[in-house]
Amino acid sequence: MLNIVSIAVRVVSRVELEPAINNPHMASSLQDFWGKRWNLMVTNILRLTIYDPVRSVIKDRIPRRWAPIPAVLATFFVSGLMHELFFYYIGRLKPSGEAMMFFLIHGVALSVEIVIKKIFNGKSLVPRIISEIIFNMISAVVRGVSRVELEPPFDEPYLASSLQDFWGKRWNLMVTNILRPTVYDPVRSIVADRISRKWAPLPAVLATFFVSGLMHELIFNYNGRLMPNGLATFKLILFALGKGPLSSTPPLPLSTFIPLACLPIKLKKSSKTKDIETIKKTTNSTFNLVTKITLLAILIRVYNYKDNLHPKFILFCYCINIYIMLEIILNMVSSAVRRVSRVDLDPPFNEPYLTSSLQDFWGKRWNLMVSNILRLTVYDPVHLFVADRIPRKWAPIPAVLATFIVSGLVHELLLYYIIERLKPSGEAMIFFLIHGVALSVEIVIKKMFNGKILVPRIISEIILIMVSTTVRRVSRVELEPPFNEPYLASSLQDFWGKRWNLMVTNILHPTVYDPIHSMVADRISRKWAPLPAVIATFFVSGLMHELIFYYNGRLKPNGEVMMFFLIHGVALSLEIVIKKIFNGKFLVPRIISGKQAKGMNVESGRGGIDDKGPLPKAKRRILKLASHAMKKEVVPPRLIEVR
C-alpha cells in the first residue's frame, strides 16, 4: 500500500522518494529491524520528535552510555499510543491495550539487546547459551500475555541428521502431529498383526507420505486452478512435433523449459534493436499499474451500489475486473519467472481496451499465450486441411470456427473444475461460438472490401441499429439511449444531468455526487450541499477524460480537458445558486438565453481545446451541430423556464 502511494506521488510530483520499507525479512536484530528497515518514515519522525529530545534530557542525569535505554522505551510507548488510537478510529472499539503491550514488549527486548551490545563493546555476537536464554524469556512473555502454549512450527530443519529426523521431528511439526495419529498409527496397528512388528513402520510411512502427497495435490489444485493444464498439454504435443514455444535451437535449459511448459508465459524473441513502442510500454508500466489498481478500487466501490445500477452494467464491471485481475496475476507469474530464469518474456495482454475490431482483439491483444498455442495446434492444421478442399480465400473461416469451438470446450472444462464440479451449462461454449461467428462475418466483410472496412455512414448506422436490436432480443432487456437529444437542452443542469452521456452520468451520480453530497450536508447548509458535489463530480470527470486522451494519444496531459470540465462545473454551480436565489424558477427571454447558451458553448470550446488539441475536428462538428440546432425553432414558447 505504501509503495502504491509512493508511486502515485512520484508520477504526480516527479520527485524521487525513499522506500517505505527496507527488506525487513533480512533484519539481523531488533535494532536493525525497527531502526533501519520497518516503516522508515514513521521511524524518522519518531526519532526527531521523541527519541532525540528524551535522550538529550536524560544524558545529563544518567551516564551517557545508557541514555538510549529510556529514549527507546519512550519511543515505543508513544508508538503504542499511536497504534491504539489508530485501531480506535478504524474499528471504534474500546482500547484493549494489546497494541500498547506489543510495543512495550519490543521496547524492553530492544533495550535488553542494546545493553548486551554495550557489554560486548557494540558487537551483537552473543554466545549461543545467552541468545537461547533471551529467546526463551521473550517466548515466555508472549505465552504469558496470550495465555496459550505454542509449539514452534519448525525445529531448525537445517540441522537434521537424517530423513527420519527431518520429517519426524523438525519439518512442519503441526502437520506431522496431525498425520501421525490419523494415518501413521492406524496403519501401523493394522499391519502389525499381519507382518512382523519389526517391519510394520514401513507400510505406515508409505501410507503417510501417500496421504501427504494427496493433500499437497489438492492444495496445488485449489491454488493453481487457473493455471491451464490443457495449455501445458498443447505445448508438449507441439514440442513432440518439433514446433511451439518449447522447441528451439539451441535447446532451452531445464530452468527455462519447466516454467515455460507449466505456466502461461512466452519467451520474447531476441532482437538487436528495440522497438519504440516496447520502450514506451516499459516506461509507462508503472503508470499503467497505478491506473489499473485505481480502477480496480473504483470498481470495488461501485459494487457497493449494485442495487441502484443495471445488472448488465454490473456484468460489464465484472468483465473489467476479471481483465485487471488476470493481468496482475499473469504479470506476477511472468515477473517471478524472469527473476528465476533470467529470460525476457512477452506480456500476457496487449492493451485489449484499445482494440479496433474482433480480429484485432482475439488475435493480437487478448491472452496472447493462449492465442499463440491455439493458432499452432488448431487454427494452422485446420487451415492447411481445408485449403485444398475450398478456395484458399475462404479457408480461414472454418479454421476460426474450429479454434473458437476448442476454446469453448477448454473454458467449459476449466469452469467445471473451478465451480465445484457443476454440470456444464454450455454458456461458455455459446459465448465463444457467437464470437467465432461474428469474427467470421468480419473476415468475410474484409475480404469483400479487399481488406478495408470503410463502410458508408448510413450502412454503419443500419448495422449499429441491427446489433443493438439483436443485443436487446438476446439479453431481453430494454437499453436506455446514451444521449437524450442534448441539442434541446434548456440549461447546463438539463444538459449534463438529463441529456449528455447518460450512462457516465448514472455512474458518477452514485459514486461521486451522492457520497460528497451526504458528507457535506452535515457540515454546511443542506441547501448549498450540491455545489461542492457538482465541483467534485466535474473534477473526477476531467481526470477520467485526461486519462482517456492519454491512453488514446500517449501525449503528456496539458490540463486543457480538466480546465474545460472545471469551467462547466463552476458555471453549473452558478446556475444552481441563481435558481436557489429565485426559488427554483428563473424565467429568461428566449433571445437572451439563446445568445448566452451559444456564447457559453463557443467560449468553452475555445478555452477548453484549441485548434492544436487532441479533438479539433470533433470540436468543430459539435459547434456546427449546436449552431444548426439553435437556428431551428424547436422550442415554441418565448420564455424558457429553468428549474
Check Val112 against each of (1) surrounded by 15 or more Cβ atoms within 10 Å (Cβ to Cβ); (2) within 27 Å of Ala20 (Cβ to Cβ); (3) out of contact with any Phe, Trp or Tyr (no Cβ under 8 Å at 6 or more places or on another chain) and name the one condition it does not meet.
(2)
Take Val142 and tell me if it is modelled with pLDDT of 80 or more, surrounded by 12 or more Cβ atoms within 10 Å (Cβ to Cβ), assigned to a helix (DSSP H, G or I) and among the β-branched types (Val, Ile, Thr).
no
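If I filter the stretch 528-541 for residues that are outside any loop (DSSP other than H, G, I, E, B), closer than 19 Å to Asp307 by Cα and open to solvent by 50 Å² or more (accessible area, probe 1.4 Å), do I get at least one hit?
Taking the stretch 528-541 as the starting set, the residues that turn out to be outside any loop (DSSP other than H, G, I, E, B) are 528, 530-541.
Next, from what is left, pick out any that are closer than 19 Å to Asp307 by Cα: none.
Scanning the stretch 528-541, I find no residue that is outside any loop (DSSP other than H, G, I, E, B), closer than 19 Å to Asp307 by Cα and open to solvent by 50 Å² or more (accessible area, probe 1.4 Å), so the answer is no.
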In the stretch 304-321, what residues are over 15 Å from the mean Cα position of the chain (by Cα) and in a helix (DSSP H, G or I)?
Asn304, Tyr305, Lys306, Asp307, Asn308, Pro311, Lys312, Phe313, Ile314, Leu315, Phe316
Filter the stretch 528-578 down to residues that are of a type outside the set (Ser, Thr, Tyr) and over 18 Å from His509 (Cα atoms), then give me how many there are.
23
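Tell me the residue from Ile293, Ile329, Ile324 that is at pLDDT below 80, in contact with a helix residue (DSSP H, G or I) (Cβ under 7 Å, 6 or more places away or on another chain), within 27 Å of Ile507 (Cβ to Cβ) and assigned to a helix (DSSP H, G or I), please.
Numbers: Ile329 fails: in contact with a helix residue (DSSP H, G or I) (Cβ under 7 Å, 6 or more places away or on another chain); Ile324 fails: at pLDDT below 80.
The conditions single out Ile293.
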What's the number of the only condition in (1) open to solvent by 50 Å² or more (accessible area, probe 1.4 Å); (2) part of a helix (DSSP H, G or I) that Leu93 fails to meet?
(2)
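Can Leu159 be described as at pLDDT 85 or above and either open to solvent by 60 Å² or more (accessible area, probe 1.4 Å) or touching a strand residue (DSSP E or B) at 6+ places or on another chain (Cβ under 6 Å) (or both)?
Values: at pLDDT 85 or above: no; either open to solvent by 60 Å² or more (accessible area, probe 1.4 Å) or touching a strand residue (DSSP E or B) at 6+ places or on another chain (Cβ under 6 Å) (or both): yes.
For Leu159, the condition - at pLDDT 85 or above and either open to solvent by 60 Å² or more (accessible area, probe 1.4 Å) or touching a strand residue (DSSP E or B) at 6+ places or on another chain (Cβ under 6 Å) (or both) - is not met.
Just the residues that are of a type outside the set (Gly, Ala, Ser) and either buried (at least 17 other Cβ atoms within 10 Å of the Cβ) or in contact with a strand residue (DSSP E or B) (Cβ under 6 Å, 6 or more places away or on another chain) (or both), please, taken from the stretch 373-397.
Quick first cut of the stretch 373-397, residues of a type outside the set (Gly, Ala, Ser) only: 373-386, 388-394, 396-397.
Matches in the stretch 373-397: Ile373, Leu374, Leu376, Thr377, Val378, Tyr379, Val382, His383, Val386, Pro396, Ile397.
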Scan of the stretch 398-412 for residues that are open to solvent by less than 30 Å² (accessible area, probe 1.4 Å) and either more than 36 Å from the chain's Cα centre (by Cα) or of a type outside the set (Asp, Glu) (or both), ordered by number:
Ala399, Val400, Ala402, Thr403, Phe404, Ser407, Gly408
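Select, from Asn350, Asn372, the only residue that is at pLDDT 80 or above, within 30 Å of Ser440 (Cα to Cα) and not in a helix (DSSP H, G or I). Don't jump to the end; show me each part of the working.
On the way: Asn372 fails: not in a helix (DSSP H, G or I).
After ruling out the rest, the residue left standing is Asn350.
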Identify, by number, the condition in (1) touching a strand residue (DSSP E or B) at 6+ places or on another chain (Cβ under 6 Å); (2) open to solvent by 60 Å² or more (accessible area, probe 1.4 Å) that Ser334 doesn't meet.
(2)
Does at least one position in the stretch 15-38 carry a residue that is of a type in the set (Val, Ile, Thr) and over 35 Å from the mean Cα position of the chain (by Cα)?
no
Output for the stretch 353-369, where each listed residue is assigned to a helix (DSSP H, G or I) and either among the polar types (S, T, N, Q) or in contact (Cβ under 8 Å) with a residue 60 or more places away in the chain (or both):
Tyr353, Leu354, Leu358, Gln359, Trp362, Leu368, Met369
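May I ask you to list the residues in the stretch 51-71 that are exposed (fewer than 12 other Cβ atoms within 10 Å of the Cβ), of a type outside the set (D, E, K, R) and in a helix (DSSP H, G or I)?
So in the stretch 51-71, the residues exposed (fewer than 12 other Cβ atoms within 10 Å of the Cβ) come out as 56, 60-65.
When the remaining residues are screened for being of a type outside the set (D, E, K, R), the result is 56, 62-63.
Of everything in the stretch 51-71, just one residue is exposed (fewer than 12 other Cβ atoms within 10 Å of the Cβ), of a type outside the set (D, E, K, R) and in a helix (DSSP H, G or I), namely Ser56.
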Restrict the check to the stretch 341-355 and report whether at least one residue is closer than 16 Å to His435 by Cβ and surrounded by fewer than 18 Cβ atoms within 10 Å (Cβ to Cβ).
yes
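Listed here are the residues, each with its yes/no results for (1) under 24 Å from Asn288 (Cβ atoms); (2) modelled with pLDDT of 90 or more; (3) open to solvent by 70 Å² or more (accessible area, probe 1.4 Å).
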residue: Glu546; (1), (2), (3): yes, no, no
residue: Leu566; (1), (2), (3): no, yes, no
residue: Ala571; (1), (2), (3): no, yes, no
residue: Ala618; (1), (2), (3): no, no, no
Going through Ile328, Ile293, Ile298 one at a time, which residue ends up being open to solvent by 30 Å² or more (accessible area, probe 1.4 Å) and touching a Ser or Thr at 6+ places or on another chain (Cβ under 9 Å)?
Ile298
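Among the helices (runs of 4 or more DSSP H) contained in the stretch 433-522, which hold 3 or more residues that are more than 34 Å from the chain's Cα centre (by Cα) and modelled with pLDDT of 85 or more?
On the way: elements: 457-475, 492-498, 502-508, 514-521.
In the stretch 433-522, 492-498 are the helices (runs of 4 or more DSSP H) which contain 3 or more residues that are more than 34 Å from the chain's Cα centre (by Cα) and modelled with pLDDT of 85 or more.
The values are calculated or read from the model by the stated rules, or taken from the named source; none is laboratory data. This one's a predicted model, so the numbers in the text were calculated from it and none came from an experiment. Glycine gets a Cβ as well: all are built from the backbone with ideal geometry, and neighbour counts include every protein chain shown. In case anyone asks, the SASA skips ligands and DNA or RNA and just uses the protein heavy atoms, side chains included. Shrake-Rupley method; radii C 1.70, N 1.55, O 1.52, S 1.80 Å.
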